[in-house]
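Everything on this sheet refers to the single structure shown next.
The values are calculated or read from the model by the stated rules, or taken from the named source; none is laboratory data. Computed from a predicted model, the values in this text were never measured in an experiment. Note: ideal-geometry Cβ built from the backbone for every residue, glycine included; neighbour counts use all protein chains shown. SASA here: full protein model, heavy atoms, side chains in, ligands and nucleic acids out. Shrake-Rupley method; radii C 1.70, N 1.55, O 1.52, S 1.80 Å.
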Amino acid sequence: MPSALSYPGVYIEEIPSGVRTITGVATSITAFVGFTTKGTPDLAVTITSYADFERTYGGLHRDSPVSYAVRQFYANGGAQAVIVRVATGYASTRWQLDGSAGAVLDVEASSPGTWASALRITVDRAGARNPLSEFNLVVSELQSDGLTLVALETHRNLNMNQNSAQYAVSVVNNASSLVRLARTALVFAQRGYALSAAPVAAPLNPSDGVIAGTLNGSTPFQLTLLGTPWNDIAALLAATTAAINAAGLGASLSANRADADGTDNPVGDFLKVVSSTVGETSRVSIAGGAFGGLAAAIQLGLANGGAEFNGDAEYQPLAVANVAPSADGVDGTRAGPIELIGNEAAKTGIHALLDVDLFNLLSIPETFDMTETNAISVMSAAAGLCESRRAFYLADLPSLHNYADFAASAPAWPAAYPQTRNGAAYFPAVRISDPLDGLRLRSMAPSGTVAGIYARTDASRGLWKAPAGTDATMNGVVEMAQNLTDRENGVVNPLGLNVLRSFPAYGRIVWGARTMRGSDAQADEYKYVPVRRLALFLEESLFRGTQWVVFEPNDEPLWAQIRLNIGAFMQNLFRQGAFQGRSPREAYFVKCDRETTTQSDINLGIVNILVGFAPLKPAEFVVIKFQQMAGQIDV
């Protein structure tokens, strides 16, 4: 009722209906894992077209089975894909922008590879709003003629003040799709190391030089002491060296007593750091150890602890035009099974997909070129990931296999491969025209093509229709690597291996719909692909659609709402033809009441929901019986 009834009259109150619509999840988002020539490694990125793949991952490449698989996926009806690049030996294209007192900015291509070698960097100070403290950064591309430059990105009115809204590193890294900036910093040792000392009363000899050394035995740097506040330069050197070594930087220092400008200013003394290759010029106020002595020096590059003077002209990059990279990128090469599997904690390899909200199908075409031992290790890891994420794995068998291998080892061969309900294997390889090889035929893993057929069938018929049969034509496939006869097909089909066939009039089609537990000997209830995929769809949809139930009062009103909402979802699927049965009672049921949830469950905070469904199973074998009519007499 209304919260307060204070005056005589009519009150209006809206009562919730209790209906919470459950929306079915997507069914054919396909994840592809493998080598590409471009893109950020070990990062899952969603694309919606092959043009997206070309822009982000470089398009077709001879050594990239994934690039051909993605192309086939979209050619056969795919809509949405997730790409994880896995490579080894890659490097990013780099530039270095110098200021008046040394290097101030490192520029790096947004992803590794040679794709960025044609990019050029321009720093324009005259065109900035305030040329004394701001600059424009332009990223251009040198065209194939070697002369023409096309500006791709322009970032205006940048500065080097970390407290500014126009701080160059922050602006470019959030806006650019081509490059990333990093302010060059030279950090010598652990933060928090302190050394106190009193200021020197008399000026030091300006001709004595500077503190100089190398980081990690190769990176040169120098410390110039301007009006040093230290009364014992030897103690400073010893303490600095100890701190640097304790930080594992492997630096060595050597110096005489030094004062570069020959003056003594005990009030405004500061330490100035210059690195000839990787450092920036930073000024840190020491003021007789007021900032913690050495602790201040080793926080160079920080706005606060280092008391850095942000925005001074010495921090601005010099004006330059069309600077070529100082180091070209490297595409890298295809990784092995260890890199493909990756690390769950670090989310590398296939485990990069842990950051993806939803994917339904998984393709790793690189198992096609592996030895059987390596392929099985990758396939096992992929099957485990799919089982944990309610996804379906399209396994590519090693190319070394042919029909004779399977026929000779039947029925023992499936035991070597993952026995998972959440996966299916297809055989043989498909052959396509390779545009990178004069349209000559190339054998490739079939998973990309099959994933596209899954997506096309889901869109036109629903995922309860087996992605096989005369409608499951494989676009872009010229021929099979092996042509199997009906009798040969009959040898491997009972083992749970789906065969790709070529038929007159229909062309190249998928001619099998069994999971990797689909062998007749196993008699698994999830023998068929559409049955398993429908179950995964229901599980994921209801998992997401019942989140609202958590922390609701666990009693009959809640149970009634659950039955209503899930029942409405199942009824909609029944009307679409997803289940067997002439009536809803024969097709599905939803139970949530005192029978499923006892008082003990309620006390433990548990509500139990039981959902049953009668799946449609494909008509795998069609039997037509003929009988001759003889001796029929009209009566």
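If you take the square roots of the eigenvalues of the alpha-carbon gyration tensor of segment 67-134 and sort them as a ≥ b ≥ c, do you get rounded (a/c under 1.5), prolate (a/b over b/c) or oblate?
prolate
Along the Cα→Cβ direction, 7 angstrom out, place labels at Ala523 and Ala26. What is the inter-label distance in nm?
With each label placed 7 Å out from Cα toward Cβ, I get 4.0 nm.
All other residues with a Cβ under 12 Å from the Cβ of Ser447 taken together, and with Lys, Arg as +1 and Asp, Glu as -1, what is their net charge?
Overall, the nearby charge balance is -2.
Note down the accessible area of Thr420, probe 1.4 Å, to the nearest 10 Å².
Here the residue's solvent-accessible area equals roughly 0 Å².
When the dipole is taken about the Cα centre of segment 517-579, and only Lys, Arg (+1) and Asp, Glu (-1) are charged at their Cβ, what size is it in debye, to the nearest 20?
Roughly 320 debye for segment 517-579.
So, counting K/R as plus one and D/E as minus one, what does the shell of residues with Cβ under 15 Å around Arg390 add up to? If you can, show how the numbers build up before the last one.
Numbers: positive: Arg389, Arg421, Arg532, Arg533, Arg544; negative: Asp357, Glu387, Glu539, Glu540.
Charge balance in the 15 Å sphere: +1.
Treat every Asp and Glu Cβ in segment 322-401 as -1 and every Lys and Arg Cβ as +1, leave all other atoms uncharged, and give the resulting dipole magnitude about the Cα centre to the nearest 20 debye.
200 debye
Under 26 Å between alpha carbons, and skipping anything fewer than 8 positions from Lys625 in its own chain: which lysines qualify?
Cross-link targets: Lys465, Lys617.
For segment 1-106, run through the GluC sites (Glu not before Pro) and keep only the ones in DSSP coil with at most 16 other Cβ atoms within 10 Å of their Cβ.
Glu13, Glu14
Asn174 to Leu142: extension gain in nm, 0.36 nm per residue of separation minus the Cα-Cα distance?
9.1 nm
Can you tell me, using C-alpha contacts under 8 Å and at least 6 residues apart, the relative contact order of segment 523-635 as a whole percent?
26 percent
Express in nm, to one decimal, how much length is gained between Leu439 and Leu5 on full extension, taking 0.36 nm for each residue of separation and deducting their alpha carbon distance.
That pair, Leu439 and Leu5, stretches by 148.1 nm at full extension.
Would you pull out the residues with amide H under 5 Å of Gln80's amide H, same chain only if 5 or more places away, H placed 1.01 Å from N?
For Gln80, whose amide H was placed from the backbone, the distant partners under 5 Å are Thr30.
How high is the FRET efficiency between Val622 and Val330 when r is their beta carbon distance and R₀ equals 56 Å, given to the nearest 0.05?
With a Förster radius of 56 Å, E is 0.50.
Can you sort Arg501, Arg94 by 1.4 Å-probe accessible area, starting with the largest?
Arg94, Arg501
Give me the net charge for the shell around Gly567: Cβ to Cβ below 14 angstrom, other residues only, Lys and Arg +1, Asp and Glu -1.
Every neighbour counted, the sum reads +4.
Can you bin segment 1-130 into rounded, prolate or oblate? Criterion: square roots of the alpha carbon gyration tensor eigenvalues sorted a ≥ b ≥ c, rounded for a/c under 1.5, prolate for a/b above b/c, oblate for the rest.
The shape class here is oblate.
Given a 1.4 Å probe and every protein chain left where it sits, what share in percent of the accessible area of segment 370-422 is carbon and sulfur?
Heavy-atom surface of segment 370-422 belonging to carbon and sulfur, 1.4 Å probe: 55 percent.
With a cut-off of 18 Å, note down the residues of segment 467-488 whose backbone N falls inside the zone around a label point 7 Å from the Cα of Ala505 toward its beta carbon.
Label zone hits: 469-474, 486.
Rank Leu132, Val172, His155 by how far each Cα sits towards the positive end of the charge dipole of segment 123-180 (+1 on Lys, Arg Cβ; -1 on Asp, Glu Cβ) and give me just the farthest.
In segment 123-180, that residue is Leu132.
Could you work out how far apart the two model spin labels at Ala346 and Val478 are, taking each label as a point 7 Å from the Cα in the direction of the beta carbon, and quote it in nm?
Label-label distance for Ala346 and Val478, simple model: 4.1 nm.
Round to a whole angstrom and tell me the spacing of the C-alpha centers of segment 544-606 and segment 1-76.
26 Å
Arrange the peptides 511-524, 137-150 so that the one whose residues have, on average, the most other Cβ atoms within 10 Å appears first. Provide the component values of the computation, followed by the final result.
On the way: 511-524: 20.4, 137-150: 13.5.
Top to bottom by mean Cβ count within 10 Å: 511-524, 137-150.
Order these peptides, 605-612, 322-329, by their mean beta-carbon neighbour count within 10 angstrom, highest first. Mind dumping the intermediate values first?
Values: 605-612: 13.4, 322-329: 15.5.
Ranking, from highest mean packing down: 322-329, 605-612.
Per 0.36 nm of contour for each residue apart, how much would the distance between Val550 and Asn163 grow if the chain were fully extended, relative to their Cα-Cα spacing?
135.0 nm
Please get the size of the charge dipole for segment 6-161, origin at its Cα centre, with Cβ charges of +1 on Lys and Arg and -1 on Asp and Glu, quoted in debye to the nearest 20.
In total the dipole reaches around 240 debye.
Just the accessible area per residue of segment 29-188, please: how many Å² with a 1.4 Å probe?
On the way: 6070 Å² over 160 residues.
On a per-residue basis, 38 Å².
Could I have the simple spin-label model distance between Ser380 and Val320, label points 7 Å from Cα toward Cβ, reported in nm to one decimal?
5.1 nm
What does the C-alpha gyration tensor say about the overall shape of segment 343-440? Classify as rounded when a/c is under 1.5, otherwise prolate if a/b is larger than b/c, or oblate.
Verdict is oblate for segment 343-440.
Enter the Cα centre distance for the pair segment 358-424 and segment 322-339, rounded to the nearest angstrom.
30 Å
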